[in-house]
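K.L.:
I have a structure here, written as structure tokens, and I will follow up with some questions on it.
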Amino acid sequence: MVFNDQDFMLRGQAAKELYAIAKDMPIYDFHCHLDPKAIFEDKPYDNIVDLWLDGDHYKWRLMRANGVSEELITGSAPKAEKFRAWIETVSRAFGNPLYHWSHLELKTVFGIDEIIRAENWESLYKRLNTILSGGQISPRSLLALSKVRFVGTTDHPLDDLEWHQKIAADETIDVTVAPTFRPDEVFVAHANFPKFIQALADKTGQAINGLDDLVEALDQRIAYFASQGCRASDISFGAVQFLETSPEHLKAILTKALAGQSLTEVEKAQWQSGIFLELCKLYHKHGLVTQVHFGAVRNSHSRLYERLGADSGFDSMGDQVALADHLNRFLDALSKEDKLPKMIWYTLNPTYNTVLANTLANFQANESGTKSQLQFGAGWWFNDTKTGMLDQMIHYAEQGLLANFIGMLTDSRSFMSFQRHDYFRRILASFIGKWVDNEEIPADQDLLTPLIEGICYTNAETFFSN
């Protein structure tokens, strides 16, 4: 049995036939954290550490678990030593998706088809850097290699979107790169809230003294993003919360927050409820898909967080009270006004998969013909593993229509991460193939081909285009 050959992770003839359909489909990567400036400038990489390890907190987290010094992870150690520490770590990471992703990346991007071993680190380092020295591997070449047709970046709401404009005007760039509206700082729990509100007022010329003023200013920014090709918004919450409130009470919270006064946890939750309702109404107005990531406990290791900052590998799954109650009431409040936008909900805690998939099924009714307008998003972050992906699809299928699923995304800052789509497609083919082998669904290519093509690409293309 050969590791990482063309039948990698595929068991049974049905799985192999389904993967043959999936493997060459293009990619619609509707949520990531790639830098549009890097795409436009398209600078070739000259060192594998910059391409493979820089900013990758997935890898940093794993290296810490292997007892690697922080100097070799985020410090100023020589690049060769950082690479050695990474190879020594990943060579032992059996069962972790990084073990699979790394082998897929070496094979697909660099043509290196060998098992990663600690003793081979120096040979790999030299060969990879020799390949990079040819100047052929750059952000755009990596997008082309993976047949990426669409990239949805994540962007600050006050961004001028200069690099998106330059990309759109460059006829040599054949991938669509669209901004995504990410207004984290409009929530009062954010430390930068007062500065953001002032900056928003300055940007829009809209004095912000109450809720109506704030909504008007946000409406201006969302309209601008939409004019620049934006198709989606995004937000991340520690918990989904819905508390009844009023415009008067929200104005009082706004006044208190802008004055620098401390807010209670209840007031923070009320603001999250109220302002997110207003944002969703604006997303509905402008036709933006609303993405909601929830359930992260962030920056838990306070000493290293103070030293390294956010997104450094110190986050974890969270839990919450009464998810079903809060989510049902929030969605119903939008539905009552017929202002429910298309949405994608991602949970970081898989124990909520059944509750989330089941609750979203309550609000699928629409007269526009949109298939599964409320999407149960793919396994996110700690769940983009084999187990996490399978569990998400099982619950999606049992509580809704898996055939309408918009599939995988990278949610990554690395141009190497598109191999995650291949990983997902292999898992998908094996998952559906097992149904075929167990005679739970027909072995009918006329039925299975559009199912696989839809989940891999066409469902997302349709969902974000209409």
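K.L.:
Tell me which of these D311 doesn't satisfy, since it passes every other one: (1) at pLDDT below 95; (2) open to solvent by less than 50 Å² (accessible area, probe 1.4 Å); (3) of a type outside the set (G, A, S); (4) under 23 Å from the mean Cα position of the chain (by Cα).
P.N.:
Every condition holds for D311 apart from (2).
K.L.:
Mind checking which residues of region 174-198 are surrounded by 15 or more Cβ atoms within 10 Å (Cβ to Cβ), under 23 Å from A252 (Cα atoms) and among the small types (G, A, S)?
P.N.:
A189
K.L.:
Of all residues in region 393-412, which are crowded, with 19+ Cβ neighbours inside 10 Å and over 24 Å from S335 (Cβ atoms)?
P.N.:
Selection gives M393, G407, M408, L409, T410, D411, S412.
K.L.:
Also: Within region 147-171, track down each residue that is open to solvent by less than 70 Å² (accessible area, probe 1.4 Å), part of a loop (DSSP other than H, G, I, E, B) and more than 18 Å from F464 (Cβ to Cβ).
P.N.:
Once the filter is applied, which keeps residues that are open to solvent by less than 70 Å² (accessible area, probe 1.4 Å), part of a loop (DSSP other than H, G, I, E, B) and more than 18 Å from F464 (Cβ to Cβ), region 147-171 yields P157, L158, D159, D170.
K.L.:
Would you confirm, using the coordinates I've provided, whether L72 is open to solvent by less than 30 Å² (accessible area, probe 1.4 Å) and either among the acidic types (D, E) or at pLDDT 95 or above (or both)?
P.N.:
no
K.L.:
Next up: Select from region 112-140 the residues that are under 30 Å from E171 (Cβ atoms) and either free of Cβ contacts under 8 Å to residues at least 24 places away in the same chain or part of a loop (DSSP other than H, G, I, E, B) (or both) and list them in ascending order.
P.N.:
Those that are under 30 Å from E171 (Cβ atoms) and either free of Cβ contacts under 8 Å to residues at least 24 places away in the same chain or part of a loop (DSSP other than H, G, I, E, B) (or both): I131, S133, G134, G135, Q136, I137, S138.
K.L.:
Moving on. If you take the residues in region 338-382 that are buried (at least 23 other Cβ atoms within 10 Å of the Cβ) and of a type in the set (S, T, N, Q), which one is farthest from Y99 (Cα to Cα)?
P.N.:
Among those that are buried (at least 23 other Cβ atoms within 10 Å of the Cβ) and of a type in the set (S, T, N, Q), it is T359.
K.L.:
Given the residues L18, L10, which is the only one that is touching a Ser or Thr at 6+ places or on another chain (Cβ under 9 Å), part of a helix (DSSP H, G or I), touching a residue at least 60 places away in the same chain (Cβ under 8 Å) and open to solvent by less than 40 Å² (accessible area, probe 1.4 Å)?
P.N.:
It is L18.
Listed here are the residues, each with its yes/no results for (1) surrounded by 18 or more Cβ atoms within 10 Å (Cβ to Cβ); (2) on the phi > 0 side of the Ramachandran plot; (3) not in a loop (DSSP other than H, G, I, E, B).
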site: G260; (1), (2), (3): no, yes, no
site: V266; (1), (2), (3): no, no, yes
site: Q270; (1), (2), (3): yes, no, yes
site: G274; (1), (2), (3): yes, no, yes
site: L279; (1), (2), (3): yes, no, yes
site: Q291; (1), (2), (3): yes, no, yes
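K.L.:
From the list I275, I208, which residue is under 24 Å from N328 (Cβ atoms) and β-branched (V, I, T)?
P.N.:
I275
K.L.:
Here is a follow-up. What are the residues in region 55-100 that are touching a residue at least 24 places away in the same chain (Cβ under 8 Å), within 22 Å of D315 (Cα to Cα), not aliphatic (A, V, I, L, M) and not in a helix (DSSP H, G or I), if any?
P.N.:
G55, D56, N66, T74, N96
K.L.:
Being in a helix (DSSP H, G or I) and without any contact (Cβ under 8 Å) to a residue 40 or more places away in the chain is the filter here, so list the residues in region 395-412 that pass it.
P.N.:
Y396, A397 - these are the residues of region 395-412 that are in a helix (DSSP H, G or I) and without any contact (Cβ under 8 Å) to a residue 40 or more places away in the chain.
K.L.:
Working carefully through the options S123, S91, S102, find the one that is touching a Lys or Arg at 6+ places or on another chain (Cβ under 7 Å) and modelled with pLDDT of 95 or more.
P.N.:
It is S91.
K.L.:
Can I ask one more? Quick check on this structure: which one of S146, S141, S76, S69 is more than 29 Å from G388 (Cα to Cα) and in contact with an Asp or Glu (Cβ under 9 Å, 6 or more places away or on another chain)?
P.N.:
The conditions single out S141.
K.L.:
When residues of region 98-124 are filtered for being among the hydroxyl-bearing types (S, T, Y) and crowded, with 20+ Cβ neighbours inside 10 Å, how many remain?
P.N.:
1
K.L.:
Looking at region 413-447 only, could you name the residues that are in a loop (DSSP other than H, G, I, E, B) and among the aromatic types (F, W, Y)?
P.N.:
If the condition is that a residue be in a loop (DSSP other than H, G, I, E, B) and among the aromatic types (F, W, Y), then F415, F418 are the ones that fit.
K.L.:
Go through (1) crowded, with 16+ Cβ neighbours inside 10 Å; (2) of a type in the set (A, V, I, L, M, F, W, C); (3) over 30 Å from G318 (Cα atoms); (4) under 26 Å from the mean Cα position of the chain (by Cα) for A201 and report which single condition fails.
P.N.:
(4)
K.L.:
Going by what's in this entry, would E244 be described as part of a loop (DSSP other than H, G, I, E, B) and either open to solvent by 10 Å² or more (accessible area, probe 1.4 Å) or not β-branched (V, I, T) (or both)?
P.N.:
Criteria met by E244.
K.L.:
Now a separate question. What is the residue count in region 172-182 for residues that are under 25 Å from S236 (Cα atoms) and either part of a loop (DSSP other than H, G, I, E, B) or polar (S, T, N, Q) (or both)?
P.N.:
Of the residues in that region, 4 qualify.
Let's see how each residue does on (1) polar (S, T, N, Q); (2) closer than 30 Å to I167 by Cβ; (3) open to solvent by 10 Å² or more (accessible area, probe 1.4 Å); (4) in a loop (DSSP other than H, G, I, E, B):
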residue	(1), (2), (3), (4)
A207	no, no, yes, yes
L214	no, no, no, no
Q220	yes, yes, yes, no
S236	yes, yes, yes, no
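K.L.:
May I pose another question? In region 293-308, what residues are open to solvent by 50 Å² or more (accessible area, probe 1.4 Å), in a helix (DSSP H, G or I) and in contact (Cβ under 8 Å) with a residue 24 or more places away in the chain?
P.N.:
L308
The values are calculated or read from the model by the stated rules, or taken from the named source; none is laboratory data. Fair warning: this is a prediction, and the values are worked out from it, not measured in the lab. FYI the Cβ positions are ideal-geometry reconstructions off the backbone, even for glycines, and counts take in every protein chain you see. What goes into the accessible areas is simple: the full protein's heavy atoms, side chains included, and nothing from ligands, DNA or RNA. Shrake-Rupley method; radii C 1.70, N 1.55, O 1.52, S 1.80 Å.
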